[in-house]
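Asker: To start, I am sharing the structure in question, which I have written as structure tokens.
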Amino acid sequence: MLILQRKKGESLSINNNITVTIMDAGTDWVKLAIDAPKEIPVLRSELKEAADENKKASAEVPQKVLNEILKKK
């Protein structure tokens, strides 16, 4: 893990195609601007965790049940 200290308005680059800029900071928060190509997903960790949980839960549903749900629509 790399730990950096940046000030408001300063940036860092990742792999020459992602730029993270510090927009504002408080005592216990920071506002970031992330410039990345559209094909690179940028998600808050809690949204990624929820998506992973939903994907796992849907994989546990038998295909027969999924087919019945799709027929009702």
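The values are calculated or read from the model by the stated rules, or taken from the named source; none is laboratory data. Bear in mind the structure is a predicted one, so any value in this text is a computation, not a measurement. Positions of Cβ are generated from backbone atoms using ideal geometry, with glycine treated the same way; all protein chains shown enter the neighbour counts. Note: areas computed on protein heavy atoms with side chains; ligands, DNA, RNA excluded. Shrake-Rupley method; radii C 1.70, N 1.55, O 1.52, S 1.80 Å.
Asker: Run the helix sum for the chain: -39,500 (n - 2.57) per DSSP H stretch of 4+ residues, divided by residue count, reported at 222 nm to the nearest 500 deg cm²/dmol.
Answerer: Helix contribution divided over all residues of the chain: -10500 deg cm²/dmol.
Asker: Mind checking the per residue accessible area of the chain for me, 1.4 Å probe, whole number of Å²?
Answerer: Here the per-residue accessible area is 95 Å².
Asker: Find me the longest stretch of the chain that has none of the exposed GluC sites (Glu not before Pro), where exposed means in a DSSP loop (not H, G, I, E or B) with at most 13 other Cβ atoms within 10 Å.
Answerer: 11-38
Asker: Here are a few candidate values for Rg/Rh (Cα atoms, Kirkwood Rh): (1) 1.22; (2) 1.01; (3) 1.08. Which one was actually calculated from the structure I just gave you?
Answerer: Structure-derived value, by its label: (1).
Asker: Count of lysine pairs in the chain with Cα atoms under 16 Å apart, counting only pairs 8 or more residues apart in sequence or on different chains?
Answerer: 5
Asker: Leaving out ligands, DNA and RNA, and with a 1.4 Å probe, what % of the accessible surface on the chain is carbon or sulfur?
Answerer: The value for the chain is 55 percent carbon and sulfur by accessible area.
Asker: Pick out, from Gly26, Ser13, Gln63, the residue whose Cα sits farthest towards the positive end of the charge dipole of the chain, with +1 on the Cβ of Lys and Arg and -1 on the Cβ of Asp and Glu.
Answerer: Checked the options; the winner is Gln63.
Asker: In segment 24-56, which trypsin sites (Lys or Arg not before Pro) fall in coil by DSSP and have 11 or fewer other Cβ atoms within 10 Å? Intermediate values should be presented prior to the final figure.
Answerer: Numbers: sites: Lys31, Lys38, Arg44, Lys48, Lys55, Lys56; in loops: Lys38, Arg44.
Taking segment 24-56 and a limit of 11 other Cβ atoms within 10 Å, the loop trypsin sites (Lys or Arg not before Pro) found are Lys38, Arg44.
Asker: Summing Lys, Arg as +1 and Asp, Glu as -1, what charge do residues with Cβ under 15 Å from the Cβ of Lys56 carry, Lys56 excluded?
Answerer: Numbers: positive: Lys48, Lys55; negative: Glu49, Asp52, Glu53, Glu60.
Neighbourhood net charge equals -2.
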